[in-house]
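To start, the structure under review is shown below, and the notes come after it.
The values are calculated or read from the model by the stated rules, or taken from the named source; none is laboratory data. What you are looking at is a predicted structure, and each value in this text was computed from that prediction instead of being measured. When we count neighbours, we look across all protein chains shown, and the Cβ atoms used for this are built from the backbone with ideal geometry, even at glycine. Each accessible area value is taken on the protein alone, full model and side chains, heavy atoms only, with ligands, DNA and RNA left out. Shrake-Rupley method; radii C 1.70, N 1.55, O 1.52, S 1.80 Å.
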Amino acid sequence: MYGQDGPGMRTELREAAVVTVAVALGGVLLGLLWLWLAPRVPLVGNVTGNSWVVYLKDTEGEQAIGVDGTFTLLAVGFGVLSAAVVFLLRRRGGVPLVVALCAGALLGSLLAWRLGVWLGPQQDVVAHARSVGEGKTFPAPLRLGAKGALLAWPLAALVVHLAVTALFGPRDPDPYTQESHEGPSPA
């Protein structure tokens, strides 16, 4: 399918564009899984004077950390999966392909984060507290506190793609073994 030196630059760039878009669209699935699997942070609203006060129901709860951890673990899984699929479909590395994999993963992480926040519980907590009533528990908006979690997918994809390429990718011919079979080169 490709020449000895690999595909031409135009083919590599076309494949890189497809990989970027395909991996980035995986962010929709990541966002939906995050929304479904992330723990809910319980809030309670009360009226104090003429204003509403919203506070955590369980001040020692670990749900907020669980939201970040769920996103990170899902993103690492998506990184492993996307790198393996890209390698199996392409069977070789290449700078444009690896850059496309990382760029698509970063765009997918951003898409997943924003989609989860958008589809998650209402962002206006005071209005949400008013709608459920005083003293009633309601979920806090889905929030990613550790923004570094957005890099989990691209980093996992990069490391896994590097590993599978190193282990199973095509090898360059050894110039020293070819020279020894042909004899000394004429001067």
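Points to keep in mind about this one:
- The alpha carbons of the chain give a radius of gyration and a Dmax of 24.6, 98 Å, in that order.
- Mean residue ellipticity (222 nm) of the chain, computed from DSSP H runs ≥ 4 via -39,500 (n - 2.57), nearest 500: -21000 deg cm²/dmol
- Computed about its Cα centre, the charge dipole of region 16-99 is approximately 540 debye, with only Lys, Arg, Asp and Glu carrying charge at their Cβ.
- Charge-dipole axis of region 26-138 as Lys and Arg at +1 and Asp and Glu at -1 on Cβ define it, positive-most pick from GLN122, ALA112, THR137: ALA112
- Accessible area per residue in Å² at 1.4 Å probe, computed on region 1-148: 57 Å²
- Computed 3J(HN,Hα) for region 167-172, one whole-Hz value per residue from the Karplus formula 6.51 cos²θ - 1.76 cosθ + 1.60 where θ = phi - 60°, is 7, 10, x, x, 9, 6, glycine and proline marked x.
- Test item: Cα-centred dipole of the chain, Lys/Arg +1 and Asp/Glu -1 on Cβ, debye: 640 debye
- Modelled label reach - GLN122, point 7 Å along Cα→Cβ, region 6-45 residues with backbone N closer than 17 Å: 41-45
- Approximate spin-label separation TRP52-VAL28, in nm, with each point projected 7 Å along Cα-to-Cβ: 3.3 nm
- Total formal charge among the other residues, if their Cβ is under 11 angstrom from that of VAL44, Lys/Arg +1 and Asp/Glu -1: 0
- Computed 3J(HN,Hα) for region 104-111, one whole-Hz value per residue from the Karplus formula 6.51 cos²θ - 1.76 cosθ + 1.60 where θ = phi - 60°, is x, 5, 5, 5, x, 4, 4, 4, glycine and proline marked x.
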